[in-house]
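The values are calculated or read from the model by the stated rules, or taken from the named source; none is laboratory data. Just so you know, these numbers come straight off a predicted model, no measurement behind them. Reconstructed Cβ throughout: ideal geometry from the backbone, glycine too, with neighbour counts over all protein chains shown.
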Amino acid sequence: MLRVAIPVALAVTCTAVSLSAQQRIEFDRYTLPNGLRVILSQDHSTPIVTVSVWYNVGSADELLGRSGFAHLFEHMMFQGSEHVQKREHTNTIQRAGGTVNGTTNEDRTNYFETLPANRLNVGLWLEADRMRSLAVTTENFENQRDVVKEERRLRLDNQPYTPAIIEGTTLLFDSTTCFPYSHSVIGSMDDLDAAQVEDVQAFFDLYYAPNNATLTVVGDFEPADAKRLIDQYYGDIPRGRDAPRPECQVTYGQGAGERVWEDKLATLPGVIIAYLAPPHAHPDTRALQLLSTILGAGESSRLNRALVRDAKTAVVSVVQMSSRRGPGLFAAIAIANQGFTTDTIKAQLQEQVAKVLAEGVTEQELTKAKNSFRAQDVFGRQTTFAIAEELQHFAHFHESLDEIHTDLDGYMQVTAADIQRVAEKYLVPENSLTIIIVPATAAGAGGTY
Amino acid sequence: MKRITFGLSMALLGAAVLPLEAQYPTTPPPAAPLRRLEFPPFQLAQLNNGLELLVVENHELPVVSISLTMRAGSKYEPEGLEGLTGFVAELMTKGTESRTAEQIAETIEGVGSSLFAAPGGDFLTISTTVLTDYVPLAFDLASDILLRATFPEEEIELARTRFLSALQAEKSSPGALAARYFARELYGDHPYGRQPSEASTKAVTRESIRDFVKARLSPQGALLVVAGDIDLSRTRELAQRYLGDWRGAAPAETFPAPPRARPTDILLVHRPGSAQSNILVGNLAMRPGDPQYYAAVIANRVLGGGSDARLFKILREARGWTYGAYCRVTRPQEIGYFQANAEVRNEVTDSALVELLSQLRRIRAEAPPDSEMTAAKGYLVGSFPRQIETPSQIASQVSTTRLLGLGDDYLQTYRERLSAVSAQDAMQATRRVIHPDSAVIVVVGDGQAIYDKLASVAPVRIIDVEGNPLTADDLIVTAVALEVDAARLVARRDSFEMIAQGSPIGFQVTELSRANGTVVYTETLSIAMFGMSQETRVEMAIEPVTMGKVDQTIEFGGQKAETHLAFSEGRVTGHAESPQPTGEFKAIDIDTTVVEGAVEENAIQALLPALLLAEGASIALNVFAGSEGTTKPMTLKVTGVEEVTVPAGTFSAFRVELTGGEQPLAFFVSRDTPRRLVKIEAIGQPFSFVLVQ
């Protein structure tokens, strides 16, 4: 269940920012002897509990010729295990009134259930059963390989602009020095076709071991009950080998590139200017994220005002920024309005970025962006699921889980000068790849008419 | 202030025993005792102007959700102005007496939030969620857009353009078409059956928007729900300050009754070329507050509420006929409906419909077994707490309860009432709610492919996507002879360049030769950038135009597809492979009848110079599309004469539009003898072919 998210945060005014709003998320953490990391966080406001397991494996861990495995695994994990029949994982959760899903990105694969609080045990047990005894069979593997292909058709290939954004931007990375980010999460269908069930088993043994996973429980439960169940269900799963971590060497400012991307479903041409950005934990990330909000999030963002509302040259114009363990992307995107060419919108995107480099951003814009981050921070802690994901995020992408308490302060301290500095460092032509999206509807072969 | 704790029957969810031994269990562990659910208490108050306030306190996070719901849904739109409430909602945030659209956006986004007005069938709702500090600002903005919106003309026109293109897009969405005609069939002249049309969207004026706002957006009968980090006195103070001067009482309305049920028949919405059929089956069901609602909801879950329900398991998992099959029971303010839906492949449309109807009959006839009752209740009871996790979810639940008049204890007793439903109750409810013998059935699909199949299930009425009635005969493509001036078809070779966004990206070479009354046309197309090349050879007789053979090879993305068709004595046989937008190749075997005079799609370009072109001329032709294996009526229309400059020179040319296929095209044919095709444009696309030599 690949999630191709287009995160659009919102932002705007000159109201003063108060630093007090960040709510403290209290938690316990410990590690089982087999290496499983556990984070428990109580919230008794509603009788609900979320069980979340993050495996420290994503598409960035895949080796050349083996792309697409991480995502294939997300599917395999719903195909049954020693004590759970095929489809019974989902059905059991549904019959308890819960929800269940999994997603894969470059750096991790996550699985989660949100259940009525009295079914915490079944959520923990279902996750434990597949961690200890996933049914890696030829039949399941072949069957899910087909499902992944179908998913690729429906979710990726069948959506206009998505392949250009998802796959086009991987061209920023050189596959010889950074294979991890030079291929997309969904991977190559040829690689999947070439895979044998033994490869899949090896992948499972290496990456789906307790010492490569973090289990988080958030909601209405008693810690003693949860700990007892976790010991009972997970305690005797054997530790695995330590997994190697992916290697990615990038050089910033290697030169400007431009590619034409044919999009068979797009009806309007588009432009993406993608800049190579630092890893999520890098000190420059916060200023870049605030800038991405100022430039490209919300109706009152610079791009929306300039291109969509004033010049009316684009139907949509936004900025997306990735949150990755390794180097990421800062991408300005515009889809042209009827009758306007990619040359026009490309020039306008470049002009907006150049303006930041030359003049920086205003205090008012910065305050507005900070307010947006502050609000999103609070809004993002309203559900047990959101809190669980937040804890996992900090456990995986930050130096320490404790940064969850101080991260927002870091954003609040960013100055307009910081923003201009990071813009000058990253948002320069020689650090970018421009993708020109050309609709190919009319060029589609066949009878054409 | 109510504080009620649920005491739900334990038997339902299994024994409350936790295993004591620390062994790994080999079956799913049983449910632990239910944890207490304290439904957040709410408090009610009323302003002097009649506005009702409802406050749900929750101080966990510094967040407040505000929603103002007014009795101003689309059911109150004057006849002929369907879609009016969409304009009202859209325009409210586009300017007030003291703020421009930009200022409204900037103000609300400046505090990290957003503000919406959303139209519904019964109600129109303004809502936002903000940090506690910004509650006064949210009230200020919400009251400003409610009381002082200016509805600027230019923003009305922008909205109109958007709504018209959305209506246009709806015509190509089988799901949207099915929903539109289902509502019309079910509700007739009742406002739930009326839908925005092109005409009604064009009829909306600033005047009509203002009249509606004045008449319907009134505090009497409106409900302001505020949930989160706030209390009643603060809410009352803010509401009084910002909404205290709001005045008015909307008149009560009576609506025409929906049509009476009649024996089941099928409305077929003919959508030529549709690869699948969208089926909707249903009938009018319940009003809010119906005591059998709980039993109906459980029965609905058993029948088609999810991927572990009967419709999904049978139609999708067991038969593989469909991508999904579900059903639902709606509960609006007026009478609601039951509806089952499935999207199926053309060839199994009848089987799927028959199976669906038989499942509707079965659930009326047999009480569901315990296993299904347990699963359905487990889901519905267990999922309830997830729907009241955040202040805005709570606000929405409480608001719905209040506006539909479901009673103050509705939410508090919801889980218990569901739990108390027996299998017998569930079956009894389906007898009231599901009526397979007097159902409305709407099927959107290719009438040519599915009419006969549907006619074997129930009587069929047919309409086109615009709603115009058709007869079964209209589905049959009638023969038209294509008149040509054979003398104009001369042997020649032309080269074209393919242009995208102003840059050349490929080429096309065509060659035509004649011998013994037979015309052979070959076409080579190559677009290196897309890794695509295509070779086509068409053989046909010219007097009269009769197709002979078509052979085509396409290489695309490293794959190769071949098409070979032979036309003879009113039949076409062969095999066609064509690339799809997904990158896959679709392969079909063809052995079907083809009407006299029909031309294969690849022959059109070859025949253009020989057609009887003149200003204003419109030429009907039947086009056999090898990629789909069907014949489609299309039209070539001369829309004018233009001066066209291409690398090969400047020509005075007829502009000839081809419509009826997926992509409308404009051909430019020079007027001087010999006539030549000098340019092809893909209408609405940045692509063209220009004659080089």
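Numbers for the structure displayed
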quantity: One residue from A:258, A:351 being assigned to a helix (DSSP H, G or I), surrounded by fewer than 19 Cβ atoms within 10 Å (Cβ to Cβ) and of a type in the set (D, E, K, R); calculated: A:351
quantity: Whichever residue in segment B:589-611 is of a type in the set (Val, Ile, Thr) and within 21 Å of residue B:449 (Cα to Cα) and, among such residues, is farthest from the other protein chains (Cβ to nearest Cβ); calculated: B:593
quantity: Sole exception among (1) part of a loop (DSSP other than H, G, I, E, B); (2) closer than 30 Å to residue B:58 by Cβ for residue B:224, by number; calculated: (1)
quantity: Any chance residue B:524 is among the hydroxyl-bearing types (Ser, Thr, Tyr) and under 30 Å from residue A:188 (Cβ atoms); calculated: no
quantity: Qualifying residue in segment B:35-57 (condition: of a type in the set (D, E, K, R), in a loop (DSSP other than H, G, I, E, B) and modelled with pLDDT of 95 or more); calculated: no
quantity: Qualifying position, being more than 20 Å from residue A:436 (Cα to Cα), charged (D, E, K, R) and modelled with pLDDT of 90 or more, among A:309, A:324; calculated: A:324
quantity: Total residues in segment B:435-460, condition under 19 Å from residue B:175 (Cα atoms) and out of contact with any helix residue (DSSP H, G or I) (no Cβ under 9 Å at 6 or more places or on another chain); calculated: 0
quantity: Qualifying position, being among the small types (Gly, Ala, Ser), without any contact (Cβ under 8 Å) to a residue 60 or more places away in the chain and touching a Ser or Thr at 6+ places or on another chain (Cβ under 7 Å), among B:618, B:568; calculated: B:618
quantity: Scan of segment A:307-329 for residues that are within 14 Å of chain B (Cβ to nearest Cβ), out of contact with any helix residue (DSSP H, G or I) (no Cβ under 6 Å at 6 or more places or on another chain) and aliphatic (A, V, I, L, M), ordered by number; calculated: A:308, A:315, A:316
quantity: Set B:143, B:165, B:98, B:172: member being away from chain A (no Cβ under 14 Å) and surrounded by fewer than 16 Cβ atoms within 10 Å (Cβ to Cβ); calculated: B:98
quantity: Among residues of segment B:356-370, those that are of a type outside the set (A, V, I, L, M), buried (at least 17 other Cβ atoms within 10 Å of the Cβ) and closer than 15 Å to residue B:315 by Cα, counted; calculated: 1
quantity: Scope segment B:171-213; condition at pLDDT 95 or above and of a type in the set (Asp, Glu); matching residues; calculated: B:185, B:207, B:211
quantity: Selected residue (only one of A:243, A:202 is of a type in the set (A, V, I, L, M, F, W, C), within 18 Å of residue A:59 (Cα to Cα) and not assigned by TED's automatic domain parsing to the domain that holds residue A:57); calculated: A:243
quantity: Enumeration of residues in segment B:458-498 that are of a type in the set (A, V, I, L, M), farther than 24 Å from residue B:660 by Cα and more than 28 Å from the chain's Cα centre (by Cα); calculated: B:486, B:487, B:489, B:490, B:491
quantity: When residues of segment B:118-140 are limited to those that are in contact with a strand residue (DSSP E or B) (Cβ under 7 Å, 6 or more places away or on another chain), more than 8 Å from chain A (Cβ to nearest Cβ) and part of a strand (DSSP E or B), the one farthest from residue B:86 (Cα to Cα); calculated: B:128
quantity: Conditions (1) closer than 17 Å to residue A:291 by Cα; (2) more than 10 Å from chain B (Cβ to nearest Cβ); number of the one not met by residue A:390; calculated: (1)
quantity: Qualifying residue in segment B:251-263 (condition: more than 28 Å from residue B:72 (Cβ to Cβ), surrounded by 20 or more Cβ atoms within 10 Å (Cβ to Cβ) and more than 14 Å from every other protein chain (Cβ to nearest Cβ)); calculated: no
quantity: Condition met for residue B:87 (within 25 Å of the chain's Cα centre (by Cα), of a type in the set (Phe, Trp, Tyr) and surrounded by fewer than 22 Cβ atoms within 10 Å (Cβ to Cβ)); calculated: no
quantity: Strands (runs of 3 or more DSSP E) contained entirely in segment B:600-693, each with at least 3 residues that are more than 30 Å from residue B:587 (Cα to Cα); calculated: B:630-646, B:649-659, B:665-670, B:677-682
quantity: Within segment B:303-334, tally of residues that are more than 14 Å from chain A (Cβ to nearest Cβ), farther than 19 Å from residue B:180 by Cβ and either out of contact with any helix residue (DSSP H, G or I) (no Cβ under 8 Å at 6 or more places or on another chain) or among the aliphatic types (A, V, I, L, M) (or both); calculated: 6
quantity: Any hit, segment A:414-427, residues being in contact (Cβ under 8 Å) with a residue 60 or more places away in the chain, more than 29 Å from residue A:253 (Cα to Cα) and of a type outside the set (S, T, N, Q); calculated: no
quantity: Test result for residue B:186, assigned by TED's automatic domain parsing to the domain that holds residue B:52, over 24 Å from residue B:660 (Cα atoms) and in contact with a strand residue (DSSP E or B) (Cβ under 9 Å, 6 or more places away or on another chain); calculated: yes
quantity: Filtered residues of segment B:43-59 (kept if under 39 Å from the mean Cα position of the chain (by Cα) and within 14 Å of chain A (Cβ to nearest Cβ)); calculated: B:56, B:57, B:58
quantity: Yes/no for residue A:383 being hydroxyl-bearing (Ser, Thr, Tyr) and surrounded by fewer than 20 Cβ atoms within 10 Å (Cβ to Cβ); calculated: no
quantity: Residue B:287 being at pLDDT 95 or above and surrounded by 18 or more Cβ atoms within 10 Å (Cβ to Cβ); calculated: no
quantity: Qualifying residue in segment A:61-78 (condition: in contact with a Ser or Thr (Cβ under 8 Å, 6 or more places away or on another chain), of a type in the set (Gly, Ala, Ser) and within 25 Å of residue A:390 (Cβ to Cβ)); calculated: yes
quantity: Matching residues in segment A:95-117 - criterion: being at the interface with chain B (Cβ under 7 Å from one of its Cβ atoms), buried (at least 23 other Cβ atoms within 10 Å of the Cβ) and more than 12 Å from residue B:386 (Cβ to Cβ); calculated: none
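For every residue, the table says whether it meets (1) buried (at least 18 other Cβ atoms within 10 Å of the Cβ); (2) in contact (Cβ under 8 Å) with a residue 12 or more places away in the chain; (3) away from chain A (no Cβ under 14 Å).
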residue: B:372; (1), (2), (3): yes, yes, no
residue: B:375; (1), (2), (3): yes, yes, no
residue: B:378; (1), (2), (3): yes, yes, no
residue: B:384; (1), (2), (3): yes, yes, no
residue: B:393; (1), (2), (3): no, no, no
residue: B:399; (1), (2), (3): yes, yes, yes
residue: B:407; (1), (2), (3): no, yes, yes
residue: B:416; (1), (2), (3): no, yes, yes
residue: B:420; (1), (2), (3): no, yes, yes
